[in-house]
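This report concerns only the one structure given below.
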Amino acid sequence: MSDLAFLSMILGTSAAAGVLGALLGLGGGILLVPLLTLFFGVSLPYAMGASILSVIATSCGAAAGHLASGLANMRLGLFLATATVAGALLGASLVGVVPARALQILFGLALAYSALTTIRQLHVEVAESLEADPLAQRFGLEGVYHDQALGRDVAYHAIHVRRGVAVMFGAGVLSGLLGIGSGAFKVLAMDTFMRLPMKVSTATSNFMIGLTAAASAGVYFGRGDIHPVIATPVALGVLLGSYVGTRLIGHLRNTTVRKLFLPIVLYLAVSMLLRGLGLLR
């Protein structure tokens, strides 16, 4: 295979991951790392370094469009990001103290529970008549967006804010301990616990993941794990894909986005449980 063909395939694969990342609020890294290592023979450090840049590219490419369309809620994202960052700092300080396998099992069980909850509300388009949370009213955790699929404006407000913050903090702890992205937990916290529309959850997650990834990128760069030949087509492909995903999500229903998100959560839950039990490396 020629170098040009190799780079073109990475570019195309990254673009596809960028579309899914923008749609599901995951950043695309969860797909890129196994694809780069298993199918393209890229070493794990270089794949992880490229993945970190892909998360930043997804956030940059998708967040601007989501903010313009009203899907991403900046106030909500910054409010929840404080809990995630605090959790990540705590998790990083506990590396080597808490057994990684025990955390992976806990993480897998939590994702499995979230998947079951997602299945229960798989066909819920927009949660109606929810009692306003006093914290949501105090901090203005509400918004309105125009839903092209429904053809009307959708107003929403967060509920169970304390639960959502607790899940975000836990996601940050796991992220710092295990060195994984927490985009799936961000989406689940907003959709399952705070009962926000699924498209708002994924769009706001895309806005948030860039903040975390930007802080991590310097560490990977300092270790020399960001290879320009690999990272450049990955970042460019993801940026293009995230732009397409941003345009596409406006035409999808919340139920459709939730159905696309569910298999990713199930995959994460099973893989984390298998890793925690020592059955998968």
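Considering SER201, SER205, which residue is closer than 22 Å to GLY70 by Cβ, surrounded by 20 or more Cβ atoms within 10 Å (Cβ to Cβ), modelled with pLDDT of 80 or more and within 9 Å of the chain's Cα centre (by Cα)?
After ruling out the rest, the residue left standing is SER205.
For segment 11-46, enumerate the residues that are surrounded by fewer than 24 Cβ atoms within 10 Å (Cβ to Cβ), over 14 Å from the mean Cα position of the chain (by Cα) and among the hydrophobic types (A, V, I, L, M, F, W, C).
Listed by number, the residues that qualify are LEU11, ALA15, ALA16, VAL33, LEU35, LEU38, PHE39, PHE40, VAL42, LEU44.
Could you list, ordered by first residue, the pairs with Cβ atoms under 8 Å in which the first is in segment 152-171 and of a type in the set (Lys, Arg) and the second is not in a helix (DSSP H, G or I), at least 6 apart or interchain?
Every condition considered, the pairs that remain are ARG152/HIS146; ARG163/MET194.
Just to be sure, is GLY21 at pLDDT 80 or above and not β-branched (Val, Ile, Thr)?
No, not satisfied.
Assess whether VAL219 counts as being part of a helix (DSSP H, G or I), within 15 Å of the chain's Cα centre (by Cα) and either buried (at least 20 other Cβ atoms within 10 Å of the Cβ) or β-branched (Val, Ile, Thr) (or both).
Working: part of a helix (DSSP H, G or I): yes; within 15 Å of the chain's Cα centre (by Cα): no; either buried (at least 20 other Cβ atoms within 10 Å of the Cβ) or β-branched (Val, Ile, Thr) (or both): yes.
So VAL219 does not fit the description; no.
If ALA235 meets every condition in (1) of a type in the set (Gly, Ala, Ser); (2) surrounded by 15 or more Cβ atoms within 10 Å (Cβ to Cβ); (3) at pLDDT below 80 apart from one, which number is that one?
(3)
Filtering segment 238-281 down to residues that are among the hydrophobic types (A, V, I, L, M, F, W, C) and not in a helix (DSSP H, G or I), which residue is surrounded by the most Cβ atoms within 10 Å (Cβ to Cβ)? Walk me through it before giving the result.
In the first step, residues of segment 238-281 are kept if they are among the hydrophobic types (A, V, I, L, M, F, W, C); the result is 238-240, 244, 248-249, 252, 257, 260-262, 264-266, 268-270, 272-274, 277, 279-280.
Applying the additional criterion that residues be not in a helix (DSSP H, G or I) yields 252, 277, 279-280.
Numbers: LEU252: 18, LEU277: 12, LEU279: 8, LEU280: 12.
The residue in question is LEU252.
The values are calculated or read from the model by the stated rules, or taken from the named source; none is laboratory data. Values in this document were obtained by computation on a predicted structure and should not be read as measured data. Positions of Cβ are generated from backbone atoms using ideal geometry, with glycine treated the same way; all protein chains shown enter the neighbour counts.
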